[in-house]
Amino acid sequence: MDEGLNATYITLGGHVEVHKYRFLYFMVMFIVYILIICSNSTIVYLIVIQRNLHEPMYIFIAALLINSVLFSTAIYPKFLIDFLSEKQIISYSACLLQYFLFYTLGGAEFLLLSAMAYDRYVSICKPLQYPTIMRKTTVCIFLALAWFVPACQMMALTIMSFNEKLCRFTLKAIFCSNSIYKLQCSTSRALTILGLVVLLDVSFFPMLFILSTYAQIFRITYRSCRKVRKKAAETCLPHLLVLINFSLLCTYNVIIARLESEIPKLANLIMTLQLVLYHPLVNPIIYGLKMKEISKHLKQLLCHRKMN
């Protein structure tokens with residue numbers, strides 16, 4: 001689309017030979033999207049129907065997997081449309097919506113992991129107080145805040161970005177993330193400061209909280225008996241794996257935005273795809289295999305289906 005005729009549309013210029021491989025791209029991404037929905041939904045389904053999984057730890061896991069599905073849904077449908085379209089374009093307002101969802105759900109991921117870390121801390125370090133601390137009301141408040149806090153902060157950033165003047169209309173990406181700032185003629189100081197505050201609030205501080213919480217857990221379990229150490233390893237290891245995985249991918253996202261113009265287009269595409277392919281698929285695998293109770297019910301479900 002001619003940039004001069006319609007400045008409200010953005011060209012997504014990060015695709016590589018999409019016209020040549022459009023059907024291959026479409027089929028691969030469609031299959032991945034279906035796998036993400038099915039794998040995450042299966043674990044959530046097990047948590048919902050099994051009464052012994054109606055505990056805070058499993059409720060937080062279900063919320064995390066639902067968040068992964070929402071995160072993927074903010075990205076994949078647009079991918080599929082673009083692969084079958086002649087031109088890979090998006091309106092600036094829709095681009096900002098995708099940007100808002102991408103970082104709101106990304107921030108929610110860190111806050112949900114923080115809630116899970118606190119739950120494990122109370123369970124292992126204060127077992128007698130666990131029923132009074134981790135009540136149903138407490139869990140509901142944690143879940144509400146996990147989505148509400150990043151949504152409010154990202155709403156402010158999105159509104160401020162909407163009011164910025166654009167000088168460029170081609171995004172060197174396949175979806176809208178923090179690279180949209182490169183479209184603006186100049187980034188205001190207020191937008192930069194608010195962006196830093198949001199980054200600290202929804203990622204850096206939660207990560208510090210999680211790491212300090214697990215440090216406390218490991219310090220206490222180190223002095224405890226073997227049974228306590230085994231329980232801590234079984235319940236904490238999957239959460240740590242998810243945290244490490246997600247933190248590395250978020251760092252990856254920042255690096256991509258910084259080096260976008262300095263790396264080959266194909267390499268940029270492959271690196272970007274890992275952000276939306278790897279994490280939503282790995283989460284249900286980690287929890288399905290590493291969480292003993294979920295793994296047990298998952299095996300029963302699969303065996304039941306084979307028998308039928």
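Out of all the residues in region 116-143, which are open to solvent by 60 Å² or more (accessible area, probe 1.4 Å) and without any contact (Cβ under 8 Å) to a residue 24 or more places away in the chain?
Scanning region 116-143 gives K126, P127, L128, Q129, P131, T132, R135, K136, T137, C140, I141.
Of the residues F204, F246, F218, which is surrounded by 20 or more Cβ atoms within 10 Å (Cβ to Cβ), modelled with pLDDT of 75 or more and assigned to a helix (DSSP H, G or I)?
After ruling out the rest, the residue left standing is F246.
Any residue in region 166-182 that is more than 23 Å from G14 (Cβ to Cβ), basic (K, R) and surrounded by 12 or more Cβ atoms within 10 Å (Cβ to Cβ)?
Looking through region 166-182, none of the residues is more than 23 Å from G14 (Cβ to Cβ), basic (K, R) and surrounded by 12 or more Cβ atoms within 10 Å (Cβ to Cβ).
Under 7 Å between Cβ atoms, at least 6 apart or on separate chains: pull out the pairs that start in region 263-283 with a residue that is in contact (Cβ under 8 Å) with a residue 60 or more places away in the chain and end on any residue that is open to solvent by less than 50 Å² (accessible area, probe 1.4 Å) and of a type in the set (D, E, K, R).
N268/E260
Going by what's in this entry, would K227 be described as open to solvent by 20 Å² or more (accessible area, probe 1.4 Å), farther than 19 Å from Y287 by Cα and modelled with pLDDT under 85?
So K227 fits the description; yes.
So which residues in region 44-87 are hydroxyl-bearing (S, T, Y) and over 30 Å from E17 (Cβ atoms), if there are any at all?
Passing the criteria: Y45, Y58.
Looking only at region 152-165, which residues are in a helix (DSSP H, G or I), free of Cβ contacts under 8 Å to residues at least 60 places away in the same chain and surrounded by fewer than 18 Cβ atoms within 10 Å (Cβ to Cβ)?
Across region 152-165, the qualifying residues are C152, M155, A156, I159, M160.
Among the residues of region 53-74, which ones are in contact with a helix residue (DSSP H, G or I) (Cβ under 7 Å, 6 or more places away or on another chain) and polar (S, T, N, Q)?
N67, S68, S72
Scan region 183-201 for residues that are under 22 Å from the mean Cα position of the chain (by Cα) and open to solvent by less than 70 Å² (accessible area, probe 1.4 Å) and jot them down.
L194, G195, V197, V198, L200, D201
The values are calculated or read from the model by the stated rules, or taken from the named source; none is laboratory data. All values reported here derive from a predicted model rather than from experimental measurement. Positions of Cβ are generated from backbone atoms using ideal geometry, with glycine treated the same way; all protein chains shown enter the neighbour counts. Surface areas here come from the heavy atoms of the whole protein model, side chains and all, with no ligands, DNA or RNA. Shrake-Rupley method; radii C 1.70, N 1.55, O 1.52, S 1.80 Å.
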